[in-house]
Every structure is written in C-alpha cells, then in structure tokens.
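S.K.: What follows is a single structure, and I will ask about it in a moment.
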Amino acid sequence: MDHVKSFSQYSKNCFTSINTLYEFPNILANYKFDLIVLHYSLFGSHPFRLPRLFSEFIQKQSKCIKIAFFQDEYQLCLERFRLIDELKISVVFSLLNEKYLYSVYDRCECVSHVFSTLTGYVSEDLRRKSFLFQKKFQDRSIDFGYRARELSFVMGKGAQEKTEIAINFKKFCTGKGYILDLNSSNNSRIYGDDWFKFVSNCKGMLGVEAGVSIFDINGDIIKECKSYLEKNINCTFDKIYNDLLHKYEYSDKNIYYRTISPRIFEAAAFKVCMILYEGQYNQIIQPYVHYIPLRKDFSNIDEVFNIFNDKKQRQKIVENAYDHIIGSNLFTYAKFIKGFDSIIDEFKFCGLPDQDFQKLNRNIAKKKNLYVLKFYLKKILRKFYFIRFFKYLNHNLLFFNK
C-alpha cells in the first residue's frame with residue numbers, strides 16, 4: 001500500500017485511485033483522463049482479469065496514455081502480453097535489468113517505452129516504525145533472523161536460495177551459541193507491525209536477491225516441469241534440476257531476473273547487520289560496505305562470523321547501510337514519484353478540458369464504505385447460501401491520472 005499511496009501523496013499531478021475489488025463507480029464514466037496507470041497489484045492472481053466494466057472503460061479511453069507496473073514477470077508472459085495489447089498499454093515499468101527491457105516487451109505491438117523500477121522504496125511509514133520499534137543492539141534477543149517462503153521448482157536455483165540459505169546457515173551455527181530464528185515455511189510468515197517488531201529484535205538478518213533464475217517467457221518450461229513432476233512424484237529439486245531445469249538456467253536465451261528486495265531497506269532502517277548471498281542488488285549496495293557477503297557454497301562462513309562478531313566492523317557496516325539507504329533519501333517514494341513525473345512530462349497529452357476531479361474524489365470517497373459493505377454482503381451470501389452468480393473480484397488497484 002505504500003507503493004499505491006505514493007502516487008497521490010507525492011505526484012504533482014492529480015491522481016484518483018480506484019480499487020477494482022469493489023463495483024465500478026458510475027461517475028467515472030463522465031470523465032476522461034490524460035493518463036491511466038495499472039498498478040502491479042492488478043496482476044497478483046491468475047488469470048489476469050479486470051472486471052468487465054473497468055476493462056471496457058479503459059479500452060474506451062483511447063486518447064490517453066496507458067501505463068502498467070509489473071512484478072513477477074518471469075511467468076505468465078503470454079497472458080501479460082495479451083492484456084497489454086488488449087488494453088493498448090504503451091508504457092511499462094518493469095523489474096527487468098535494462099539489458100532485457102525491450103527484448104521482452106518488444107513482443108507487444110502497443111508498447112513504445114519500457115523503464116526499470118524497483119519492487120519498493122523507503123516509505124515514511126517505515127521511518128516511523130523504525131523509530132517506534134527500534135531497540136539497542138545489546139537489547140536484541142535474536143542473533144540471526146530470517147523469513148521466506150518456499151517457491152516452485154520451475155523458478156530455478158535463484159528461487160530455491162530463499163529456503164536454502166536458512167537451512168544451511170543453521171548447520172554452520174551448530175555449537176556456536178547463536179540464538180536463531182530462521183524459517184522459510186509459508187506458515188511462519190509474519191505480517192504488519194509484528195514483522196517490524198521481529199526485525200527490530202534481530203542483530204543480524206540473512207537475505208538473498210529477490211527474483212528468480214529461470215524466465216519462462218513462452219510458458220513452455222512450466223508445462224515441461226509439470227509433466228515431469230506428474231511422472232516423478234515427490235522428487236527433489238536437485239533431481240528435477242539435473243534432469244531438466246539446468247538446460248534452461250544456463251541457456252544463452254535465459255533472461256536475468258534478480259533485483260534488490262524491500263527487505264534490504266527494512267533491515268537498513270532498523271540498523272540490522274545484513275548477511276547476504278553474493279549478488280548484484282541493482283548495484284545499490286556493496287559487499288563489506290553495506291552488508292557482509294556470504295558465498296553460496298558457504299566457503300567463507302568463518303569470515304562472515306568473524307566480521308559479525310567484530311563490534312567495530314559490524315557497526316560500521318550497519319551505519320553505512322543506514323546512511324546510504326535511509327539517511328540519503330535516494331530511495332524514498334518521494335524520489336521515485338519525482339522520477340515518474342519527469343518521465344511522463346516527456347509525453348504529449350491531448351489537452352483535455354478542465355474537469356472537477358475534486359468532485360470525483362469526493363464522490364468515490366463518499367461511496368467507498370457502501371462499496372465495501374456490498375462486497376462483503378455478497379461474500380456472505382455466497383458463503384452461506386451458495387449463490388454462485390456473485391463473482392469474486394480481484395483485490396487490485398487502478399490509478400487514473402489527469
């Protein structure tokens with residue numbers, strides 16, 4: 001939601017945000033827009049689907065510029081490309097490395113510009129929470145903390161690193177007296193303020209690059225992987241990797257899809273010492289400067305422990321990370337939106353007549369509670385009376401810009 005709110009909080013343009021989970025606001029049909037931005041939360045479920053009235057409205061806005069933010073682009077690419085062409089999206093913000101931006105999206109007829117972006121930025125809420133829950137280093141009860149979730153084999157070794165790092169790190173900590181809270185099971189995940197409290201209670205935190213190491217652009221790999229798993233029930237990742245996936249991971253055609261995670265920003269804000277797998281991290285952070293690098297084969301684990309246990313070295317790394325990521329203001333949402341505004345300033349708009357967008361915002365805000373009530377009443381009716389014609393709508397957000 002920090003990403004969602006940043007457009008209306010920091011943009012010099014007037015934004016109206018619409019949650020497509022609820023019904024289409026009829027007043028919207030009376031407005032024309034210079035810009036429509038489809039937020040990445042629209043594409044968090046499969047199949048990608050906009051409620052019919054929203055989709056029709058976007059298609060009718062033929063003269064405006066349409067922008068989409070995407071994440072998790074390594075899968076369902078053909079479906080994404082179809083949606084782009086169907087809605088006539090011309091500008092894409094992607095997590096792809098700049099080298100691959102156009103080699104992926106030039107498959108879409110309508111796309112004229114593609115820009116790199118990050119998964120998230122430093123919010124004012126993160127700053128507030130870091131001050132609210134901050135603990136002195138000596139008062140923290142966890143030496144090394146970590147949370148992740150298990151990901152599909154088809155995403156390659158990069159995705160498996162998220163669980164592998166915790167399992168192997170535990171082994172090397174045996175007998176050393178460290179207090180650990182490392183878990184990568186789905187039911188161990190922590191949300192809301194409880195997550196920030198957890199981070200603030202850690203002296204060190206493990207981490208890897210976000211993203212995956214196999215980019216399934218045509219959808220063929222997941223089909224082959226599914227067929228393999230049907231024939232080899234309960235097989236391990238190593239087996240399917242050696243038999244099948246390795247040829248994709250090391251193919252010249254494979255697309256690099258790794259990026260820095262918002263977890264890095266959170267750890268920096270709470271002044272937690274980061275122990276991270278070696279990686280690029282968008283060149284934002286540097287080993288031995290902002291984090292302690294851990295080789296993926298754990299061959300330098302003794303060095304990792306030595307640096308972490310050296311109070312002077314560890315403190316310098318922690319302060320460097322805080323100053324660079326948080327103190328510099330280089331990676332804030334305000335900075336992100338300033339860059340976004342400068343990009344859209346380069347586009348030529350059609351020059352729409354003045355419209356009362358304050359009235360639109362007031363109307364939507366006024367009816368929001370009604371939309372929410374109607375939505376949950378439908379859910380209750382569906383759950384208890386099995387009325388099947390009440391359809392679930394994706395919990396996504398849509399932004400309209402003038």
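S.K.: Leaving ligands, DNA and RNA out of it, rank 372, 208 by accessible area with a 1.4 Å probe, largest first.
M.R.: 372, 208
S.K.: Show the residues, 5+ positions off or on another chain, whose built amide H is closer than 5 Å to the amide H of residue 116.
M.R.: When sequence neighbours closer than 5 places are left aside, the close amide H contacts are 94.
S.K.: Would you mind classifying the stretch 91-245 by shape? Square roots of the alpha carbon gyration tensor eigenvalues, ordered a ≥ b ≥ c; an a/c under 1.5 is rounded, otherwise it is prolate if a/b is larger than b/c and oblate if not.
M.R.: Oblate is the answer for the stretch 91-245, as a/c is 1.5 or above yet b/c matches or exceeds a/b.
S.K.: Which trypsin sites (Lys or Arg not before Pro) in the stretch 198-301 sit in a loop by DSSP (not H, G, I, E or B) and have at most 10 other Cβ atoms within 10 Å of their own Cβ?
M.R.: 253
S.K.: For the stretch 214-269, what does the alpha-carbon gyration tensor say about shape, rounded, prolate or oblate, given a ≥ b ≥ c as the root eigenvalues, a/c under 1.5 as rounded, and a/b over b/c as prolate?
M.R.: It comes out prolate by the Cα gyration axes.
S.K.: Taking a 1.4 Å probe, which of 32, 311 shows the most accessible area, and what order do the others take after it?
M.R.: Largest to smallest exposure gives the sequence 311, 32.
S.K.: Now, a different point. 5 Å is the cut-off here: which amide hydrogens, built 1.01 Å from N in the peptide plane, fall below it relative to residue 122, excluding neighbours closer than 5 in sequence?
M.R.: Amide H neighbours of residue 122: 332, 333.
S.K.: Sticking with this one: Would you mind getting the accessible area per residue of the stretch 58-123, heavy atoms of the protein chains only, 1.4 Å probe, in Å²?
M.R.: Averaged over the residues of the stretch 58-123, the accessible area is 42 Å².
S.K.: For the chain, modelled as a GNM with alpha-carbon contacts under 10 angstrom, which of 95, 370, 76 fluctuates the most?
M.R.: 370
S.K.: Tell me the accessible surface of residue 303 in square angstrom (1.4 angstrom probe, heavy atoms of protein chains only), to the nearest ten.
M.R.: 70
S.K.: Return the single residue from 234, 254, 201 with maximal mean-square fluctuation; model: Gaussian network over the chain, springs between Cα atoms under 10 Å.
M.R.: With Cα springs under 10 Å in the chain, the top fluctuation among 234, 254, 201 is at 234.
S.K.: Here is a follow-up. With a 1.4 Å probe and all protein chains left in place, how much of the accessible area of the chain comes from carbon and sulfur atoms, in whole percent?
M.R.: The computed percentage sits at 51.
S.K.: Next question. Is there a pair in 312/338; 271/296; 226/374; 32/338 whose C-alpha atoms are over 29 Å apart, and which pairs would that be?
M.R.: Correct reply: 312/338; 226/374.
S.K.: Helix-derived [θ] at 222 nm for the chain: sum -39500 (n - 2.57) over DSSP H runs of at least 4, divide by residue count, nearest 500?
M.R.: The helix contribution divided over the chain gives -12000 deg cm²/dmol.
S.K.: Here's another thing I want to ask about it. If the elastic network links every pair of Cα atoms under 10 Å, which of 323, 252, 125 fluctuates the most in the Gaussian network model of the chain?
M.R.: 252
S.K.: Please count, across the stretch 71-219, the pairs of lysine residues with Cα atoms under 21 Å apart that sit 8 or more places apart or on different chains.
M.R.: Count of close lysine pairs: 14.
The values are calculated or read from the model by the stated rules, or taken from the named source; none is laboratory data. Note that the structure is a prediction, hence the values are computed from the model and not measured. Neighbour counts run over all protein chains shown; Cβ positions are idealised from the backbone, glycine included. Ligands, DNA and RNA are stripped out before the accessible areas are found, and what is left, the full protein with its side chains, is counted by its heavy atoms. Shrake-Rupley method; radii C 1.70, N 1.55, O 1.52, S 1.80 Å.
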